[in-house]
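Written below as structure tokens is the structure these notes are about.
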Amino acid sequence: MNSLQRLLQLGLTLSLMLLMPMLWWAGSLAVRGLGEDLIGSRLEHDAESLLSAITFTGADHSPVELEYINPIYKRPFSGHYYSIRMADGSIQSSRSLWDQTLDLQVVEPGDTAQWYASGPSGQNLLVWARHYQKQGHAFTLAVAEDLTPLERHLSLFQWIFAGLSLAALLILLVVQQRVIRQSFKRLDTVRADMQSLEQGEIGALSQDVPDEILPLVQEFNRLLELLAQRLSRSRNALGNLAHALKGPLNLLVQYLDSKELDDHPELRAQMRTQQERILKLMERELKRARLAGSGSPGYRFNAQQELPDLIEVLRQIHHKRQLDIQWQVMADTPTFGDREDMLELMGNILDNACKWAKTTVLCSITGAETIKITIEDDGPGCSEQEAKQLARRGTRLDETVEGHGLGLAIAKDIVKLYNGKIVFSQSRKLGGLSVTIELWHINQPDKEQLKPQ
Amino acid sequence: MNKLRYALPTLALACWCSLSAADDDHLKARALVEVGSILPLEQILKRVAIDHPGHILEVEFELERGQYVYEIELVDKKGVVWELEYDAESGQLIEKEREE
């Protein structure tokens, strides 16, 4: 039972199935009680009319009905009967009873009684009786009426009630289903919000949602914020560490120049090499931190907005060389990839290009389904063989230029995460290295590959 | 006033006599049913319901040409009043006619 709709329907059906029979039972009881009360009081009046009509004649003790009695007591099996039981046990019945007898109970003087009896032609009778004394005779007068018409009405009422109850149940279920569907439709906006969030169009889910879902949305937004904070904190942490290590490292460099090491030039050279490596690694981390900047997780890379900023950062890093960095983004290029990943990818390749370029670096982004990124420089470039070598991790073609081969390796890793393609070749326009990357903008990083290795 | 004093009992007696002729037939029928020489009215009415369904208006029990008969007056669904005569001993329909 994992559907809220089913659960609600079950609850409604069960409660109505419990309630309706109770109402049906109570209603039937009330209708029957009302009918029998009415008939009972009429029987009492009839008994009194009969009593006034009875006169006792002569010695045979037979009461005689006068002409004033209702003819209904004369028509055989009419449904209205009376029966008079004298003190000596002799019984005289209405003509309507014909050859049948009424089931008579003994009623004590001053008492009245009411009971059910079966009558002729399968009739059910309500009998009202009282003990009377008139003209010196004591007798019990019982008056009866057929309940069949009342029972027919009651049965009709019961059928109508059952039918209406069933109809009401169906209508309620349909209405409930409509209400539920209408309510859940409002969840679609939350889903649309989540898609926008994934596209990087918004930073948090809209809180204009039904009250019941608001806590969930709020919790989601809080979690989103927390994740963003954690991510930027961990991204900044490496940068901060690198920055903090700079001071002690500079001290170590000064120690290298001390006279005590003059006797060991080889050791000094080795230490200096290692010190330079550490410095470069640190600078790389600092650069990464600067490139990443701020931003939320889940934001997509918007080339139109982000590329100018990235290039500005690179210009500052390489400001001594007065490079001409040109860029071009097709107007309808969609957002693609994770912002952080793309910044690191482009940053690394552009940084590499800036290092090798003499004067000019070109960067262009085009495509819709497939995003094509091309970064060219007018540096020395590479041969076909060298291009193949570049594809291997950590390979460096020239050890003399500042760098340690990690930049391009990281770029290759990111492209691999997105199942993209990276090609190194000779630039036709500028003659230097040309790096072409192809990514599918709908693609997300492969989750298997994201696991720490 | 004197006339009225005689007239009332006479009228009452006359009424009783005329009524008792029709009103007492059930007593005779009851006695005969009890000794088992005729069929009870309930059985006759069951046959009427098959032969000629309708609403029973009146039943009379008479001795006709040495034969006990139930004379049943009823109105059918179309509102036509019928008079049926049944042999009280055998329960056979003797006569059936529209009441004119």
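The values are calculated or read from the model by the stated rules, or taken from the named source; none is laboratory data. The structure displayed is predicted, hence computed values, not measured ones. Here Cβ is always computed from backbone atoms with ideal geometry, including for glycine, and neighbour counts include all displayed protein chains.
State whether one or more residues within segment A:131-139 are surrounded by fewer than 15 Cβ atoms within 10 Å (Cβ to Cβ), hydrophobic (A, V, I, L, M, F, W, C) and closer than 30 Å to residue B:47 by Cβ. No, there is no match, as no residue in segment A:131-139 is surrounded by fewer than 15 Cβ atoms within 10 Å (Cβ to Cβ), hydrophobic (A, V, I, L, M, F, W, C) and closer than 30 Å to residue B:47 by Cβ. Here residue A:306 passes the criteria (1) surrounded by 14 or more Cβ atoms within 10 Å (Cβ to Cβ); (2) at pLDDT below 80; (3) not aliphatic (A, V, I, L, M) except the one numbered (2). Return yes or no: is residue B:63 farther than 24 Å from residue A:122 by Cβ and part of a strand (DSSP E or B)? It is true that residue B:63 is farther than 24 Å from residue A:122 by Cβ and part of a strand (DSSP E or B).
Return a yes/no flag: does segment A:194-206 have any residue that is on the phi < 0 side of the Ramachandran plot, charged (D, E, K, R), at pLDDT below 85 and outside the structural domain of residue A:337 (by TED's automatic domain parsing). Scanning segment A:194-206 turns up at least one residue that is on the phi < 0 side of the Ramachandran plot, charged (D, E, K, R), at pLDDT below 85 and outside the structural domain of residue A:337 (by TED's automatic domain parsing). Output yes when any residue across segment A:3-19 is under 30 Å from residue B:70 (Cα atoms), surrounded by 12 or more Cβ atoms within 10 Å (Cβ to Cβ) and in contact (Cβ under 8 Å) with a residue 40 or more places away in the chain, and no when none is. Taking every residue of segment A:3-19 in turn, none turns out to be under 30 Å from residue B:70 (Cα atoms), surrounded by 12 or more Cβ atoms within 10 Å (Cβ to Cβ) and in contact (Cβ under 8 Å) with a residue 40 or more places away in the chain.
Can you tell me which of B:66, B:54, B:91, B:79 is more than 23 Å from residue A:92 (Cβ to Cβ), among the small types (Gly, Ala, Ser) and either touching a residue at least 40 places away in the same chain (Cβ under 8 Å) or at the interface with chain A (Cβ under 9 Å from one of its Cβ atoms) (or both)? Selected residue: B:91, the only one of B:66, B:54, B:91, B:79 that is more than 23 Å from residue A:92 (Cβ to Cβ), among the small types (Gly, Ala, Ser) and either touching a residue at least 40 places away in the same chain (Cβ under 8 Å) or at the interface with chain A (Cβ under 9 Å from one of its Cβ atoms) (or both).
Within segment A:113-138, the set of residues being polar (S, T, N, Q) and either within 14 Å of chain B (Cβ to nearest Cβ) or under 60 Å from the mean Cα position of the chain (by Cα) (or both) comprises A:118, A:121, A:123, A:124.
Restricting segment A:357-371 to residues that are at pLDDT below 90, assigned to a strand (DSSP E or B) and not aliphatic (A, V, I, L, M) leaves a set whose member that is nearest to the chain's Cα centre (by Cα) is A:370.
Taking (1) assigned to a strand (DSSP E or B); (2) over 21 Å from residue A:123 (Cα atoms); (3) of a type in the set (D, E, K, R); (4) within 11 Å of another protein chain (Cβ to nearest Cβ) in turn, residue B:28 satisfies each apart from (1). Residues that are touching a strand residue (DSSP E or B) at 6+ places or on another chain (Cβ under 9 Å) and either over 15 Å from residue A:46 (Cα atoms) or assigned to a strand (DSSP E or B) (or both) within segment A:79-89 comprise A:80, A:81, A:82, A:83, A:84, A:85, A:86, A:87, listed in sequence order.
Candidates are the residues of segment A:63-112 that are crowded, with 20+ Cβ neighbours inside 10 Å and of a type in the set (A, V, I, L, M); the one that is nearest to the other protein chains (Cβ to nearest Cβ) is A:97.
For residue A:334, the conditions (1) assigned to a loop (DSSP other than H, G, I, E, B); (2) free of Cβ contacts under 8 Å to residues at least 12 places away in the same chain are fulfilled apart from (2). Looking across B:22, B:29, B:14, one residue alone is at pLDDT below 75, within 17 Å of the chain's Cα centre (by Cα) and either surrounded by 12 or more Cβ atoms within 10 Å (Cβ to Cβ) or among the small types (Gly, Ala, Ser) (or both). It is B:22.
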